[in-house]
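*Asks:* Sharing a structure here in structure tokens format.
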Amino acid sequence: MRTITINTMALQHNLARVRHYAPGRKVLAMLKADAYGHGLLTVAQALKEAEGFGVADLSEALQLRAAGFKHVIVVMRGFYDARELPVFAEYDLSAVVHTEAQIVLLQHTPIAKPISVWLKVDTGMHRLGFAVDKIASAFARLTACASLQQPLCLMTHFADANESNPLTTARQWMQFEQSVRTLPKEAVIEQSLANSAGIISYPEIDADWVRPGIMLYGASPFNDYPASDYDLQAVMTLKARLVSIQEVPCGAAIGYGGTFICPKAMRLGIIAYGYGDGYPCLAPTGTPVLVNGQLTRIIGRISMDLIHIDLSDFPEVALDAEVTLWGEGLPIERIAAAVGTLSYELFCHVQRHRLIKKSE
């Protein structure tokens, strides 16, 4: 049996932690990529007290509307062409505008009612958005559009708020403030800057909206500090069962390529999970797992649907024992650090067709 348990109470707890760090701010809970692999509708229901939801594309937004959610919904990639604009209007969706082509579409595409826009400023990440010296022009053309619902929200995205050197974020914040000063003094706008790392590190940023992502799911946005430092609770727990136990001699080569050679006679367990189920195939020997709540390690290469673990110190562990790959009792950051990746990627790679249990 392989299970992914989603603890909805932990989601609500983590939302409360966002409000602790950002009192009085509106929360746009980020639900991109099937809510970071946790299940879009399950997470949205658990986070229904948030003021809004951020999604990657139109399909995710329409799923939320079809499920009855009336929240502000911001489509982070915006609209691609004129065919999508009437859909934004019909379903009362907000669009991030980050390119000249989108402004042209709004200027020349008739729609039944105005739509809400979040105008993105490129303050240094150089991914999406208008340069600071282009914002005044973009703002003027947008606010002149009959298709725009006012006020719009001015936003940016921090590139390095999760790093220990704050200089990049300070520069981005200054660039954002400069972009605001280029707008007419009478302009009425909302503002949004902080992602999870920004929410925790820069509580002094006084903006209307915060955009938490990874912290809602109980993982730390920082490389060097665990989620427990911020009282965040794990939401996803990934578990499997032992399907075989092997007694192998000293010198035995384990798994594909024989990359692990037993330094002594060893007791090994085989669990029914692998990279075909979303576990990282590059997880090295030593990557931690819990067996019956006790810490041990993976050895050898990860197979498509099987993993070796070291049971040498656990003679009492028997077949069908429960193994935790990450989650409650084993922070996902530890697995991400062992693999050399991010917890974001691990969450998103888990296969959603596996058995999922919702924990209240």
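*Asks:* Among the residues that make up segment 155-162, is at least one of them in contact (Cβ under 8 Å) with a residue 12 or more places away in the chain and closer than 13 Å to residue 106 by Cβ?
*Replies:* The answer is no; no qualifying residue exists.
*Asks:* Does segment 90-111 hold any residues that are under 30 Å from residue 49 (Cα atoms) and buried (at least 18 other Cβ atoms within 10 Å of the Cβ), and which are they?
*Replies:* Residues satisfying the conditions are 93, 94, 95, 96, 97, 98.
*Asks:* Continuing with the same structure: Go through 198, 269, 276 for me and flag whichever is of a type in the set (Gly, Ala, Ser), outside the structural domain of residue 38 (by TED's automatic domain parsing) and at pLDDT below 95.
*Replies:* 276
*Asks:* Return a yes/no flag: does segment 43-50 have any residue that is modelled with pLDDT under 95, in contact with a helix residue (DSSP H, G or I) (Cβ under 7 Å, 6 or more places away or on another chain), surrounded by fewer than 22 Cβ atoms within 10 Å (Cβ to Cβ) and not in a helix (DSSP H, G or I). Write out each step before concluding.
*Replies:* Applying the first criterion (modelled with pLDDT under 95) to segment 43-50 yields none.
No, because not a single residue in segment 43-50 is modelled with pLDDT under 95, in contact with a helix residue (DSSP H, G or I) (Cβ under 7 Å, 6 or more places away or on another chain), surrounded by fewer than 22 Cβ atoms within 10 Å (Cβ to Cβ) and not in a helix (DSSP H, G or I).
*Asks:* Same structure, new question: Go through segment 269-351 and tell me which strands (runs of 3 or more DSSP E), entirely inside it, have 1 or more residues that are farther than 18 Å from residue 258 by Cβ and of a type outside the set (Asp, Glu).
*Replies:* Numbers: elements: 288-291, 294-299, 307-310, 322-326.
By residue number, 288-291, 294-299, 322-326.
*Asks:* Please work out if residue 201 is crowded, with 23+ Cβ neighbours inside 10 Å and not β-branched (Val, Ile, Thr).
*Replies:* Criteria not met by residue 201.
*Asks:* Of the residues in segment 100-122, how many are closer than 17 Å to residue 139 by Cβ, outside any helix (DSSP H, G or I) and without any contact (Cβ under 8 Å) to a residue 60 or more places away in the chain? Explain how you work it out, then say what you get.
*Replies:* At the first step, the residues of segment 100-122 found to be closer than 17 Å to residue 139 by Cβ are 100-107, 114-122.
Of the ones still in play, those that are also outside any helix (DSSP H, G or I) are 114-122.
The next check asks that each one be without any contact (Cβ under 8 Å) to a residue 60 or more places away in the chain; those that pass are 114-117, 119-122.
Qualifying residue count for the region: 8.
*Asks:* Given the condition of a type outside the set (Val, Ile, Thr) and touching a His at 6+ places or on another chain (Cβ under 6 Å), answer yes or no: does some residue in segment 194-202 qualify? So that I can check it myself, show each step before the final result.
*Replies:* Start the filter on segment 194-202 by keeping residues that are of a type outside the set (Val, Ile, Thr), which leaves 194-198, 201-202.
Filter once more, keeping what is touching a His at 6+ places or on another chain (Cβ under 6 Å): none.
Scanning segment 194-202, I find no residue that is of a type outside the set (Val, Ile, Thr) and touching a His at 6+ places or on another chain (Cβ under 6 Å), so the answer is no.
*Asks:* Cβ contacts < 8 Å: first residue more than 15 Å from residue 119 (Cβ to Cβ), restricted to segment 174-203; second residue at pLDDT below 95 and part of a helix (DSSP H, G or I), any location; separation 6+ or different chain. Result?
*Replies:* 198/169; 201/169; 202/169; 202/173
*Asks:* Taking the criterion of being in a helix (DSSP H, G or I) and among the β-branched types (Val, Ile, Thr), would at least one residue in segment 63-82 satisfy it?
*Replies:* no
*Asks:* Take residue 315 and decide whether it is surrounded by fewer than 16 Cβ atoms within 10 Å (Cβ to Cβ), touching a residue at least 40 places away in the same chain (Cβ under 8 Å) and farther than 13 Å from residue 2 by Cβ.
*Replies:* Answer is yes for this residue.
*Asks:* Scan segment 51-75 for residues that are surrounded by 24 or more Cβ atoms within 10 Å (Cβ to Cβ) and in contact (Cβ under 8 Å) with a residue 24 or more places away in the chain and jot them down.
*Replies:* Across segment 51-75, the qualifying residues are 53, 54, 55, 61, 74.
*Asks:* Now a separate question. Go through (1) assigned to a loop (DSSP other than H, G, I, E, B); (2) over 14 Å from residue 120 (Cβ atoms); (3) under 21 Å from the mean Cα position of the chain (by Cα) one by one and return the number of the condition residue 159 breaks.
*Replies:* Single failed check for residue 159: (2).
*Asks:* Which of the residues spanning segment 123-156 are more than 15 Å from residue 178 (Cβ to Cβ), assigned to a loop (DSSP other than H, G, I, E, B) and out of contact with any Leu (no Cβ under 8 Å at 6 or more places or on another chain)?
*Replies:* Residues satisfying the conditions are 125, 126, 127, 128, 144, 146.
*Asks:* Of the conditions (1) out of contact with any Lys or Arg (no Cβ under 6 Å at 6 or more places or on another chain); (2) surrounded by fewer than 14 Cβ atoms within 10 Å (Cβ to Cβ), residue 284 fails just one. Which one is it?
*Replies:* The single condition residue 284 does not satisfy is (2).
The values are calculated or read from the model by the stated rules, or taken from the named source; none is laboratory data. Every value quoted in this text rests on a predicted model; they were computed, and no experiment measured them. Note: ideal-geometry Cβ built from the backbone for every residue, glycine included; neighbour counts use all protein chains shown.
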